[in-house]
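Report on the following structure.
The values are calculated or read from the model by the stated rules, or taken from the named source; none is laboratory data. Bear in mind the structure is a predicted one, so any value in this text is a computation, not a measurement. Quick reminder, even Gly has a Cβ in these numbers, built from the backbone with ideal geometry, and neighbours come from all protein chains shown. Quick note on the areas: whole protein, heavy atoms, side chains included, nothing else; ligands and nucleic acids left out. Shrake-Rupley method; radii C 1.70, N 1.55, O 1.52, S 1.80 Å.
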Amino acid sequence: MSPNSFILNLSCKNVPGIVAAVSTHLYQGGYNILDAQQFDDEETGKFFMRVVFNPADGSPSDATQVLAQAFEPVAARFGMTWSLRHQRERRRVMILVSKFDHCLNDLLYRWRIGEMQMDISAIVSNYPRDTYAHADFGDIPFHYLPITKVTKLEQETQVWNLVRETESDLVVLARYMQILSDGLAAKLAGRCINIHHSFLPGFKGAKPYHQAHERGVKLIGATSHFVTSDLDEGPIIEQDVERISHRDMPEDLVRKGRDIERRVLARAVHHYLDDRILLNGKK
């Protein structure tokens, strides 16, 4: 994709003329559409669209704010919920982690090789730094915020303050084994992604892969979803599964599960960074 391109996301009630209005507006502004995807949800009557565009003559583009102001009349005409971002504007991502670090290390690797176009604002854990002695955090700030039932509210206040101070756009729970309170989940609505150790709905509680083994399941998987006040019931972003057999022991399921969790969370984060997630009710 062109490095001088913009991404426009929009949703609104589906009526005739939306695509024509958007494309005409961009054409008249001297912009060329590089990629366009749209979807009409016939059940809800809502229309969704993602458009990537750049200056047709290759000249430096206007500032995002200028483009946004120019698009406002079109958005108002159709009552759109919309966003506009230049592709070079990197999202700031805070990663929360507990003892299991496989998802954390995978995100760090993808970030270092340039696969994840983001800036990591901080790594926050309820375990001390030496838990990750083999991990290279470089210059990324690390915050050890222990938590107990008594200190949960205080610890979550510290987390929320860090989100604001670091101006983080996205919070990723990379196997952060703590349940967020309803208050913090509400504050992070639409910008907090979790990875769940099953193909939801699935086995909950301790040792999910051992439970799966006892029940003789034939597929295991992982689910990445937005965090809401309803535990593990937020809008699903990405899922994947892997077939297993009676020959697999619990430790085999754990090993395979780690691989699935890594790739599912990475896909979900990548979708967010690339503006490919549009909320549609509980979807």
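Determine which member of the set 39, 47, 53 is open to solvent by less than 70 Å² (accessible area, probe 1.4 Å), over 17 Å from residue 5 (Cα atoms) and under 28 Å from the mean Cα position of the chain (by Cα).
Sole residue among the options that is open to solvent by less than 70 Å² (accessible area, probe 1.4 Å), over 17 Å from residue 5 (Cα atoms) and under 28 Å from the mean Cα position of the chain (by Cα): 47.
The set of residues in segment 112-127 that are closer than 22 Å to residue 164 by Cα and not in a loop (DSSP other than H, G, I, E, B) comprises 118, 119, 120, 121, 122, 123, 124, 125. Against the definition (at pLDDT 95 or above and either outside any loop (DSSP other than H, G, I, E, B) or open to solvent by 60 Å² or more (accessible area, probe 1.4 Å) (or both)), how does residue 271 come out, yes or no? Answer is yes for this residue. Checked against the criterion of being surrounded by fewer than 20 Cβ atoms within 10 Å (Cβ to Cβ) and within 16 Å of residue 172 (Cβ to Cβ), segment 238-248 contains not a single residue that satisfies it. Filtering segment 227-248 down to residues that are in contact with a His (Cβ under 7 Å, 6 or more places away or on another chain) and part of a loop (DSSP other than H, G, I, E, B), which residue is farthest from residue 183 (Cα to Cα)? Per the criteria, the residue is 235. Pull out all pairs, ordered by first then second residue, where Cβ-Cβ is under 6 Å, the residues are six or more apart or on different chains, the first lies in segment 223-238 and is in contact (Cβ under 8 Å) with a residue 40 or more places away in the chain, and the second is part of a loop (DSSP other than H, G, I, E, B) and among the charged types (D, E, K, R). Sorted first by the residue in segment 223-238, then by its partner, the pairs are 235/282; 235/283. Pairing residues of segment 1-17 that are farther than 21 Å from residue 81 by Cα with residues that are at pLDDT 95 or above and not polar (S, T, N, Q), at Cβ distances under 7 Å and at least 6 apart in sequence or on separate chains, gives 1/34; 1/52; 2/34.
When each of 228, 223, 166, 151 is tested for being farther than 30 Å from residue 274 by Cβ and of a type in the set (Ser, Thr, Tyr), the lone residue that passes is 151.
Collect the residues in segment 121-165 that are farther than 15 Å from residue 184 by Cβ and open to solvent by less than 20 Å² (accessible area, probe 1.4 Å), keeping them in residue-number order.
Result: 121, 122, 123, 125, 132, 135, 137, 140.
Residues that are without any contact (Cβ under 8 Å) to a residue 24 or more places away in the chain and buried (at least 16 other Cβ atoms within 10 Å of the Cβ): does segment 57-73 have at least one? Scanning segment 57-73 turns up at least one residue that is without any contact (Cβ under 8 Å) to a residue 24 or more places away in the chain and buried (at least 16 other Cβ atoms within 10 Å of the Cβ).
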